[in-house]
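Q: Handing you a structure now.
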Amino acid sequence: NGGYVVGELAPGRCSEWQNLNCTGGNSATEPYLITHHQLLAHATAVHLYRTIFQASQKGVIGITLLSHWFVPWAEVPHHENAVQRALVFMLGWFIDPLTKGVYPRTMLSHVRDRLPSFSKEQSRMVNGSFDFLGLNYYTAYYAAYDPSLKSARPSYITDPIVRKTARQVNLLTLICLYI
């Protein structure tokens, strides 16, 4: 989201209303369009590899995704649900199309027509387009339900209605929480 939501990374795009130093853009649609086309490009590359090279090279092809882990700000249902939405918007956004051929229902209900859809052929192509899945996981954050985001301008950041803390979760806290 650094390149199409807040403009911190290349190509430096974000919505004008954010008053960040961006080169233009729309944080409510571009992150979804970019990811959609990344998934289609990945599926096309996998298809080409499998049909042209895999038999002779006897190789495997996969994808490695990035996700943070989230812990509820407090052990109450609305924060626990926020954790699930945060995970869906970060990891499920990729995993569901790769394993089911469709975007997660949670995203469809929150993003609606701003989330591109796959044609039947694209869905078949994306679904199962891997021999292995990798996961890069670096840190965990607290996630809290933030009802004020319901009335915020649409953006990949506001769509999940989750406030992610800037404070990282202490690893010892995580271990103790799940033992």
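Q: Leaving out ligands, DNA and RNA, what percent of the accessible area of segment 40-179 is carbon and sulfur, probe 1.4 Å? All intermediate terms of the calculation are to be shown ahead of the outcome.
A: On the way: 4840 of 8230 Å².
Carbon and sulfur: 59 percent of the exposed surface of segment 40-179.
Q: Still on this model: Could you compute the longest span of the chain free of GluC sites (Glu not before Pro) located in DSSP loops and having at most 14 other Cβ atoms within 10 Å, not counting the site residues?
A: Here the longest segment lacking exposed loop sites spans 76-179.
Q: Accessible area per residue for segment 1-150 in Å², computed with a 1.4 Å probe and the full protein assembly in place, what is it?
A: Ligands and nucleic acids excluded, the figure is 56 Å² per residue.
Q: Just to be sure I understand the model, the point goes 7 Å from the Cα along the line to the Cβ. What's the resulting K120 to T64 distance in nm?
A: Rounded to a tenth, the inter-label distance reads 3.8 nm.
Q: Using a cut-off of 18 Å between alpha-carbon atoms, which lysines can reach K100, once sequence neighbours fewer than 8 places away in the same chain are excluded?
A: Reachable lysines: K120.
Q: Also, I was wondering about something else. Normalised by the residues of the chain, what does the relative contact order come to in percent, with Cα pairs under 8 Å and at least six apart?
A: Relative contact order, the chain: 23 percent.
Q: I've got another one for you. Rounded to the nearest angstrom and ordered from largest down, what semi-axes does the equivalent ellipsoid of the chain get from its C-alpha gyration tensor (root of 5λ)?
A: Gyration-tensor ellipsoid for the chain: 29, 22, 16 Å.
Q: Give me the one-decimal Kirkwood hydrodynamic radius in Å for segment 1-101, with the sum taken over alpha-carbon pairs.
A: One over the average 1/r among Cα pairs gives 16.1 Å for segment 1-101.
The values are calculated or read from the model by the stated rules, or taken from the named source; none is laboratory data. Source: prediction; values computed, not measured. With ideal geometry, Cβ positions are generated from the backbone for all residues, glycine too; neighbour counts draw on all protein chains shown. Heavy atoms of the whole protein, side chains included, go into the accessibility calculation; ligands, DNA and RNA do not. Shrake-Rupley method; radii C 1.70, N 1.55, O 1.52, S 1.80 Å.
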